[in-house]
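Everything below concerns the one structure shown next.
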Amino acid sequence: MRPFQLVRVSGLLQAQQQLAVALPEAERMFELNRRFAGVVPPAVARACTVAALQGDVALIFCANGAAASRVRAQAKGVASVLSRADAPIGSLKVKIRADWSVPTPAEKQDIPTVGLNAFKQLENSLPDGALKTALERLISRRQRR
């Protein structure tokens, strides 16, 4: 049994009157960012985010100048993809925010010696087959590091 019941974030936001007002805006910004990611290259989508709508202008923050330049070059196409009938977007305002970026992924840790020894023991106890071959490859790759 879990100590706390699992609750969706949207359920928590709807339960609080002050936060319930922010839910539609958060959903709209999520949808805009999803559409934005569909029209720009993946590296640009990771480096930029649609931060706000100010009238018919979409404000986009980019982590570096290269991504900002790419968004500016595709401004008309991006604006047309982000536009909807109820919220037309006429132009983009692209700003470089060096302090904003997606956090870098954590460095992958290697298998410790104890774990490799356990895999070796398992490999030695297995009959010949696909699993034993896969374990041999895993161990040989890890020992080369």
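Checked against (1) of a type in the set (D, E, K, R); (2) surrounded by 10 or more Cβ atoms within 10 Å (Cβ to Cβ); (3) more than 33 Å from the chain's Cα centre (by Cα); (4) not in a helix (DSSP H, G or I), Lys95 passes all but condition (3). Restricting Val9, Val44 to those that are at pLDDT 90 or above and either among the polar types (S, T, N, Q) or under 27 Å from Thr104 (Cα atoms) (or both) reduces the list to Val44. Inside segment 107-123, can you point out the residues that are in a helix (DSSP H, G or I) and within 34 Å of the chain's Cα centre (by Cα)? Thr113, Val114, Gly115, Leu116, Phe119, listed by residue number.
Restricting Pro88, Pro105 to those that are free of Cβ contacts under 8 Å to residues at least 60 places away in the same chain, surrounded by 12 or more Cβ atoms within 10 Å (Cβ to Cβ) and out of contact with any strand residue (DSSP E or B) (no Cβ under 8 Å at 6 or more places or on another chain) reduces the list to Pro88. Can we say Gln74 is among the polar types (S, T, N, Q) and at pLDDT below 90? No, not satisfied. Could you say whether any residue in segment 124-140 is within 30 Å of Val50 (Cβ to Cβ), part of a loop (DSSP other than H, G, I, E, B) and not assigned by the TED database to the domain that holds Ala51? Among the residues of segment 124-140, not one is within 30 Å of Val50 (Cβ to Cβ), part of a loop (DSSP other than H, G, I, E, B) and not assigned by the TED database to the domain that holds Ala51, which makes the answer no. In the set (1) under 15 Å from the mean Cα position of the chain (by Cα); (2) within 30 Å of Glu136 (Cα to Cα), the condition left unmet by Thr104 is number (2).
Of all residues in segment 72-92, which are part of a strand (DSSP E or B) and more than 16 Å from Asn33 (Cβ to Cβ)? Correct list: Ser91 only.
The values are calculated or read from the model by the stated rules, or taken from the named source; none is laboratory data. Please read all numbers here as calculations on a predicted model, not as lab measurements. Ideal geometry is used to build each Cβ from the backbone, glycine not excepted, and the neighbour counts take in all protein chains shown.
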